[in-house]
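Below you'll find the structure, written out as structure tokens, and then a few comments.
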Amino acid sequence: SPGLLSPAMAGGVFAIDRHYFNEIGQYDKDMELWGGENLELSLRIWMCGGQIFIIPCSRVGHIAKKHFQESPATKKAIRHNYLRLVHVWLDEYKEIFLRRFHQKSITYGNISERVNLRKRLGCKSFQWYMDNIFPELEDSL
């Protein structure tokens with residue numbers, strides 16, 4: 001068995017074929033610092049024809065700072081990244097996110113390159129993702 005299918009993955013602790021990663025657009029170069037890139041990549045993989053597996057017996061090391069406090073700049077970068085993800089991948093569901101988290105006034109940069117990537121890859125809708133990959137998500141909306 002190749003592993004367990006998963007609707008999303010953690011950022012920075014995954015393995016992916018380099019050619020496939022390049023083919024599907026790598027990371028969004030206009031995301032800042034960190035935060036949200038794992039969800040953006042997860043949605044892109046599933047919605048654009050790929051799959052995500054968790055391998056239960058795998059081991060991954062991660063060194064983290066002992067004490068980490070999110071600075072205002074870090075919080076702003078995370079919001080920026082999530083807004084990029086929301087506006088490219090969530091389709092009509094973006095309004096739920098924007099209402100719930102009051103994020104309409106925060107800038108997130110030009111997303112036309114990522115929107116074009118989604119079109120070029122022939123990706124499915126977010127509704128398809130919820131219906132087929134993560135139906136439990138609908139219950140929390």
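Please list, ordered by first then second residue, the pairs with beta carbon atoms under 6 Å, 6 or more apart or interchain, first in the range 10-22 and small (Gly, Ala, Ser), second surrounded by 12 or more Cβ atoms within 10 Å (Cβ to Cβ).
10/38; 11/37; 11/38
Consider the range 14-32. How many of its residues are assigned to a helix (DSSP H, G or I), of a type outside the set (S, T, N, Q) and over 16 Å from residue 115 (Cα atoms)?
4
Restricting to the range 1-13, name every residue that is part of a loop (DSSP other than H, G, I, E, B) and either surrounded by 15 or more Cβ atoms within 10 Å (Cβ to Cβ) or of a type in the set (A, V, I, L, M) (or both).
Passing the criteria: 6, 7, 8, 9, 10, 11, 13.
Does residue 62 satisfy the criteria of being in a helix (DSSP H, G or I) and out of contact with any His (no Cβ under 8 Å at 6 or more places or on another chain)?
No; evaluated as a whole, the condition is false for this residue.
Being within 22 Å of residue 13 (Cα to Cα) and surrounded by 10 or more Cβ atoms within 10 Å (Cβ to Cβ) is the filter here; which residues of the range 56-79 pass it?
Result: 58, 60, 70, 74, 75, 77, 78, 79.
Would you confirm whether any residue within the range 96-110 is more than 14 Å from the chain's Cα centre (by Cα), at pLDDT 95 or above and either farther than 17 Å from residue 7 by Cβ or of a type outside the set (Gly, Ala, Ser) (or both)?
Yes, because at least one residue in the range 96-110 is more than 14 Å from the chain's Cα centre (by Cα), at pLDDT 95 or above and either farther than 17 Å from residue 7 by Cβ or of a type outside the set (Gly, Ala, Ser) (or both).
Looking at (1) within 20 Å of residue 10 (Cβ to Cβ); (2) out of contact with any helix residue (DSSP H, G or I) (no Cβ under 7 Å at 6 or more places or on another chain), can you tell me which one residue 133 breaks?
Here residue 133 meets the rest and fails (2).
The values are calculated or read from the model by the stated rules, or taken from the named source; none is laboratory data. Values in this document were obtained by computation on a predicted structure and should not be read as measured data. Reconstructed Cβ throughout: ideal geometry from the backbone, glycine too, with neighbour counts over all protein chains shown.
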